[in-house]
Every structure is written in C-alpha cells, then in structure tokens.
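Rule-based calculations on the coordinates, nothing more; no lab input. Remember, predicted model here, so these are calculated numbers, not experimental data. With ideal geometry, Cβ positions are generated from the backbone for all residues, glycine too; neighbour counts draw on all protein chains shown.
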Amino acid sequence: MKLNKIRRCTRCIMDDSSDKTIQFDQNGHCNYCSTAFKQIGKVYFPGKEGEEKLERLLQQVKISGKGKKYDCIMGISGGLDSSYLAYLGHKWGLRVLAVHIDDGFDTEISKANLAKLIKATRFDYEVVKPDAVQFNALTKAYMKAGVPNIAIPQDNVLFAFLYEKMKEYKIRYFLAGGNFALECILQKGNTYKANDVVNIKDINRRFGSQPINKLRFISTIKREVDSRIFNIKTVRPLNLIDYNRDRAFKELYDFCQFEYYGRKHLENILTAFIQLYWFPKKFGVDKRTSHLSSMIVSGQMTREEALSELGEPLYDEKKMAEYISFVKEKLELDDKEFNKIMLAPVHMHQEYKVEDSSVLYQIFRSIHKIVDR
C-alpha cells in the first residue's frame, strides 16, 4: 500500500499529516503562516507603536483600579507566558490579583517557580483547588470519550474562578498571557473551545463516574453576559512588546531564579501528557509544529533551526513513563483500561451535544441591545 506523502510548508514547518484545514499556495506557503504574517502590525506590535499602545493601556488599567483593591487580575500557571506577564506587571507598578488553579498535576519545578514569583512580586495570590474526586473523574470521562481537548475541565474551572473574582473585587481588566509571538499559529483541527458547558455535561453524562456539582463552570453565555454587564476587558499586553522566549526566561531567572521547565506547556503533568502523548498517539498531532512555526513568524527561530528541533525525540521515555504512571494513579486507571482508551477510535467534541450556535447568536444580540441602551 502506498502511503500519502506528508506536505510541509516551505516557510514555516506546519504540515498536512493531521490537519484537514491546512492549505498551500503556489509558493508552498501554508494558510497558517500567511495569515500570521498579515497580522503583524494589526495584532502584534513589537516596536514603537506597541510601546505607545502599552502606555495607553497601562494608564487605562490603573485608572480603572482607582478606589479599588486591584487594578487587574492575572491567571498564572507556572509557565513562561503568564509568569513573564506577572513579572512585567510588577515592573509596571500594577496592583495585581494573581490566580492559580491547583488541579493536583503541577510539576515540582512549577510549584517552586510559582512560589518564587509570588514572593518576588508580592502580589496577592489566590489558589483554586477543584474537588479532586470530581475533577479527576471528569478528566477521565474526557479520555474515555476519545476527544482531543481533554484539558477543557482544567481551563473552564480556571476561567469560572477568574470571573467570580473579577465580579467580587469589581476588577475590569483581565491581563492574559496569550500572545502572538509564541502562539500565532495554532492548528485549527483536533481542538474545541473550553466554554461549552453543554458539551462538558454530556461527556460526563455518557462517560463519567461522578457528579460534577462541586465544580464551578462558566458557559459561553455566562461569560458574554458577565463581560458586557460588568464591562470586563480581556487584553494581551505581550502583543504590545517585542516578546522573546529566551530573553524572557533570562529576565525571570535574574528576577526570581525562575527555572526552565522544558518546552511550552510542560509546567503541568496533565498538560505535558496531553501535549506529548495524548495528541501524538491518539490524533497524530505534534504540537511542536505550531509552537516552532510561531517562533519562525515572530523571527525568533529560522526554519532550519525549527526542523532540527522537530527532529529531536518528542519526549524523554523515562520521564513520560513517570507522567503516565502519575496520570493513571490520579485518574484511577489501571493498565488495561488505559491501553483500551489509547487504542479506542477517536471522536470529535461535536459528536456529542454542543451549544446551539443559532441560539447563542440571538442571545448575544439581545444582550448587546440591552447593555448598549
């Protein structure tokens, strides 16, 4: 049997091995990097214009915080992006409420980095610990459902907590660590949004072993309503600076001895398992292509350097064995059930119940009309 040849972009390193949405032009350039390059100067401002935009943003954030305990809120994972943003927030003199979700999967190096960062910034720090039994059972249900994005419970619980805290302290600005420089290219296939609570509940109903009444979620509608009524603004300050990965790590080390933990998103054992094992083994997706291609677009890496890094082993076998063992223990999976899940057919989130987009559209229109009056 003749295998189809994998086609790779001639400018970045995205390929069509696991992505039906990728397209190539006559030069062999893919739609991902073509779109990303067009966004420089529209979304990403690494120069003088960004400095001016950042100054205006910081003034607005500080004005919004007058008479309040905090100027803004940040979610910090222990990873580079959110940690560097927290460091910058300290440099900018912002009064930040830092929030972290402790789902029981933080690596030891991540725990140490978080402790050092909070000590150095002196930010007020709140940690949400979702009910371990229900959270782990829900994550296990996602694995049994065979869907790509099994980090949805983790993400949704964090945002639900963030929004509650923003309302409690009347905080208008959520400073997010998402950024163009390291994330301008993200594969569109094999993923799903985190706010679809209908999908969460249906997957748990079909595959879960526990109720989820002790877990706090935020739906797409709830997030939109809160954003409009409480005038909540989500901004990405890292898009207004020349954000460089290696320089950021160095600055963080100089600031609080922040230690390098490995590649992007590997500060959490569950996330590392998803990125390095779940996606490649179940869906044939190597997330490194997105991360490295983003760095090509932002000028932090050449295509040759990216291909060289892509050629390295995806993970250390011994370390991954430890991670898998930890995940099995947490989720109460024996070897037989884990292997059955890994060998089972894959499914997309849309194969289960999802939010009705037409209903959402009508609700959003009604919300906007009411708030804008």
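Here are the numbers for this structure:
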{"read-out": "Residue-count net charge about Lys281 - beta-carbon cut-off 14 Å; Lys, Arg +1, Asp, Glu -1", "value": "+1"}
{"read-out": "Exposure rule at most 14 other beta-carbon atoms within 10 Å, DSSP loop GluC sites (Glu not before Pro): the chain longest free segment", "value": "1-258"}
{"read-out": "Extension gain from Phe37 to Ser308, taking 0.36 nm per residue of separation minus the Cα-Cα distance", "value": "95.3 nm"}
{"read-out": "Where labels lie 7 Å past Cα in the beta-carbon direction, separation of Glu108 and Asp335 in nm", "value": "2.6"}
{"read-out": "Centroid-to-centroid separation of segment 176-246 and segment 282-322 [C-alpha atoms, Å]", "value": "24"}
{"read-out": "Estimated FRET transfer efficiency when R0 is 41 angstrom, pair Glu224-Lys91 (beta carbons, to 0.05)", "value": "0.80"}
{"read-out": "Highest to lowest packing among 41-48, 134-141, scored as the average C-beta count within 10 Å", "value": "134-141, 41-48"}
{"read-out": "Sites Glu52 and Ile6 - FRET efficiency at Förster radius 41 Å, r taken between beta-carbons, to 0.05", "value": "0.40"}
{"read-out": "FRET efficiency, Thr234 to Ala115 (Cβ-Cβ, R0 25 Å, nearest 0.05)", "value": "0.40"}
{"read-out": "Amide proton proximity set for Val128, modelled H, under 5 Å, gap of 5+", "value": "His100, Ile101, Asp102"}
{"read-out": "Table column - 3J(HN,Hα) (Hz), segment 298-307, Karplus curve with 6.51, -1.76, 1.60, x for Gly and Pro", "value": "7, x, 9, 7, 7, 5, 5, 5, 5, 5"}
{"read-out": "Cα gyration tensor shape of segment 1-152, rounded if a/c is under 1.5, else prolate or oblate by comparing a/b with b/c", "value": "oblate"}
{"read-out": "Cleavage-rule hits, chymotrypsin sites (Phe, Trp or Tyr not before Pro), segment 210-311, DSSP coil, Cβ neighbours within 10 Å at most 15", "value": "Phe230, Tyr260"}
{"read-out": "Value of relative contact order over segment 118-235, rounded to a whole percent, pairs C-alpha under 8 Å and six or more apart", "value": "43"}
{"read-out": "Cα gyration tensor shape for segment 164-321, rounded if a/c is under 1.5, else prolate or oblate", "value": "oblate"}
{"read-out": "12 Å beta-carbon shell around Pro130, net charge (K/R +1, D/E -1)", "value": "-1"}
{"read-out": "The chain, helix-only ellipticity at 222 nm - DSSP H runs n ≥ 4, -39,500 (n - 2.57), divided by all residues, nearest 500", "value": "-15000 deg cm²/dmol"}
{"read-out": "Whole-number percent relative contact order across the chain, with pairs defined as alpha carbons under 8 Å at least 6 apart", "value": "24"}
